[in-house]
């Protein structure tokens, strides 16, 4: 029965991933089965924590997040949790020796979302992005490399840059919701209500630099992980291209998305490029 519960917990994390993000689910689907399950468990954990701070407005978010964190550490100590998301994640943490400082950095950024509405300096935003996105990329990298410490060190910086690029694209895509519904401004350039074409283009160039810095790292990933990451990379590049073509004023009023049929062609092209090693 224990193995049945383990499997069920991982399937629930997979269901959460598919329900919240079709594009991320497509990318994960190309991973090896055990690797895929581990990545699903990471996504389930970070998604539920993010959901607490972003969506549960009629509840005590601080109390919910504190309980979520306490329940996670209880699961780590006991080896089991009746919360399937925490159960699957703690199994992954132990299997791949994910260090606690990565988990703590993530939870620290989630706590920032409880009270901090503006990030007025690059350092403030950088610390938030490190915890909210870069460490998630590092967790995934540990799963992809499965204990290869030397390779991890060589790919750590590109993985952080990729996580940073993804997060900044998300910030641009979600400007309307973040500013109008959550009252948050992550980019220092947008404090005081400023956002125009010049600011948009500066931010986009910064994201392109992050993408460029991550590319060689993607090429150096093991074959059983590279395709899934490359698909996500190409999807986010396409999303950034659409954002770049959208006027700054319009970005403040609607959420940009990539149609499903375009996602399919991105996946197909990435598959061919990876298969014939023409990344």
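Against the definition (surrounded by 21 or more Cβ atoms within 10 Å (Cβ to Cβ), farther than 25 Å from residue 267 by Cα and at pLDDT 95 or above), how does residue 186 come out, yes or no? Yes: the conditions hold for residue 186.
Those residues that are without any contact (Cβ under 8 Å) to a residue 12 or more places away in the chain and surrounded by 12 or more Cβ atoms within 10 Å (Cβ to Cβ), I need them from region 191-200; list them, please.
194
If the condition is being farther than 24 Å from residue 28 by Cβ, in contact (Cβ under 8 Å) with a residue 40 or more places away in the chain and surrounded by 15 or more Cβ atoms within 10 Å (Cβ to Cβ), then region 140-183 contributes 175, 176, 179, 182. If you filter region 207-245 down to residues that are surrounded by fewer than 16 Cβ atoms within 10 Å (Cβ to Cβ) and in a loop (DSSP other than H, G, I, E, B), you find that the one that is modelled with the lowest pLDDT is 222.
Taking (1) exposed (fewer than 14 other Cβ atoms within 10 Å of the Cβ); (2) touching a residue at least 24 places away in the same chain (Cβ under 8 Å) in turn, residue 12 satisfies each apart from (1).
The helices (runs of 4 or more DSSP H) falling completely within region 94-145 that include 1 or more residues that are within 20 Å of residue 75 (Cα to Cα) map to 100-115, 135-145. Residues that are modelled with pLDDT of 95 or more, in a helix (DSSP H, G or I) and closer than 21 Å to residue 200 by Cα occur in region 149-162; there is at least one. Restricting attention to region 250-274, the residues that are free of Cβ contacts under 8 Å to residues at least 24 places away in the same chain and assigned to a helix (DSSP H, G or I) add up to 6. Considering the conditions (1) part of a helix (DSSP H, G or I); (2) buried (at least 19 other Cβ atoms within 10 Å of the Cβ), residue 71 is excluded by exactly one of them, (2).
Restricting attention to region 20-33, and to residues there that are touching a helix residue (DSSP H, G or I) at 6+ places or on another chain (Cβ under 9 Å) and either in a helix (DSSP H, G or I) or not assigned by TED's automatic domain parsing to the domain that holds residue 83 (or both), which single residue is nearest to residue 45 (Cα to Cα)? Here the answer is 20.
The values are calculated or read from the model by the stated rules, or taken from the named source; none is laboratory data. Just so it is clear, the model here is predicted, and its values are computed rather than measured. Every residue, glycine among them, receives a Cβ derived from its backbone with ideal geometry; neighbour counts consider all protein chains shown.
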